[in-house]
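Taking it in order: structure first as structure tokens, then the write-up.
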Amino acid sequence: MYLYKGVKLLVLVAIVGGSGAGKTSVAKKIAEHFADRANVLSMDDYYRDLPPGMTLKEFNFDDPKAFDFDYFIKNTKKLKDGSPINIPVYNMVTCRREVGISTSFFPNDLVIIEGILVLHEPRLRELFDFSVYIDAPADERLIRRIERDTIERGRSIESILTQYRTFVAPSFRAFIEPQKYTCDIILPDGVSNITGMNIIINAIEKMLEINRQEEGK
């Protein structure tokens, strides 16, 4: 951890893409390379509670309104300034935050934030040093979503497909895919793209080296 003029210098990286694109896998792979110098934060922790009286079938989890952007931006700014944060604990089964429970998250040399709408807000884009868009075919994203939601969240395939047609696909086109054009690099095929992963890791290495040099001044 480095301090420069009293402020911790860190590299803040955004990993964005559609649901099932492989964002978490890419974030974890990058973090593994940098080991104890890297921390990973998921935007999923900043979902709003499912509104009272509303069912999963009626709520669009891929719409910007589903997220507490003010809280997310506030915490991202604090991280950028080198300050620790408390993040909410969101239950993906009940679709609500755990009341009175939060997790401490500490800045590191490298902080990776992954999620479907990390770069949706212009206020967020200016905070990141580097951004990656994971480009994956729609059929592959749907397959991964089915595998995840049936195993981890106990949902039926029918409910997943209905949600996909009603909310996921339209929101991807309207809100998620446009972030591709704001990113520094587009990574097709996620972690299986070895060449692309190496380019990303090398770029981050250079940024970390610049921070080390700044700290030494």
Report task. Output the number of residues of region 10-48 satisfying the condition of being among the aliphatic types (A, V, I, L, M), more than 24 Å from D70 (Cα to Cα) and buried (at least 18 other Cβ atoms within 10 Å of the Cβ). Result -> 5
Query - Residue that is modelled with the lowest pLDDT [pool: residues in region 153-202 that are surrounded by 14 or more Cβ atoms within 10 Å (Cβ to Cβ) and among the acidic types (D, E)] - result: D189
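For region 54-72, give me each residue that is open to solvent by 60 Å² or more (accessible area, probe 1.4 Å) and outside any loop (DSSP other than H, G, I, E, B). If you could, list the steps in order and put the result at the bottom.
Going residue by residue through region 54-72, those that are open to solvent by 60 Å² or more (accessible area, probe 1.4 Å) are 54-58, 65, 70-71.
The answer is L56, K57, E58, K65, D70, Y71.
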Query - Pairs, first without any contact (Cβ under 8 Å) to a residue 60 or more places away in the chain in region 183-206, second open to solvent by less than 30 Å² (accessible area, probe 1.4 Å) and outside any helix (DSSP H, G or I), C-beta under 6 Å, six or more apart - result: D184/F130; D184/S131; I185/V132; I186/Y133; N193/L187; G196/L187
Report task. Answer yes if at least one residue in region 106-124 is under 22 Å from I30 (Cα atoms) and of a type in the set (K, R), and no otherwise. Result -> no
**Report entry** Residue match in region 93-104 (condition: modelled with pLDDT of 95 or more, buried (at least 20 other Cβ atoms within 10 Å of the Cβ) and of a type outside the set (A, V, I, L, M))
**Finding:** no
Report summary line: Within region 73-88, residues loosely packed, with under 15 Cβ neighbours inside 10 Å and part of a loop (DSSP other than H, G, I, E, B) come out as D81, S83, P84
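Within region 131-140, track down each residue that is open to solvent by 20 Å² or more (accessible area, probe 1.4 Å) and either in contact with a helix residue (DSSP H, G or I) (Cβ under 7 Å, 6 or more places away or on another chain) or within 20 Å of I112 (Cβ to Cβ) (or both). Walk me through how you get there before you give the answer.
Filtering region 131-140 for residues open to solvent by 20 Å² or more (accessible area, probe 1.4 Å) gives 135, 137-140.
Correct list: D135 only.
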Query raised in the report: Of the residues that make up region 150-169, is at least one in contact with a His (Cβ under 7 Å, 6 or more places away or on another chain), in contact (Cβ under 8 Å) with a residue 24 or more places away in the chain, in a helix (DSSP H, G or I) and over 16 Å from K29 (Cα atoms)?
Result: no
Query raised in the report: Is one or more of the residues making up region 53-69 of a type in the set (A, V, I, L, M), within 21 Å of R148 (Cβ to Cβ) and touching a residue at least 60 places away in the same chain (Cβ under 8 Å)?
Result: yes
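The values are calculated or read from the model by the stated rules, or taken from the named source; none is laboratory data. All figures in this text were calculated on a predicted structure; none of them were measured in a lab. Glycine gets a Cβ as well: all are built from the backbone with ideal geometry, and neighbour counts include every protein chain shown. Note: accessible area is taken over every heavy atom of the protein model, side chains too, but ligands, DNA and RNA are not part of it. Shrake-Rupley method; radii C 1.70, N 1.55, O 1.52, S 1.80 Å.
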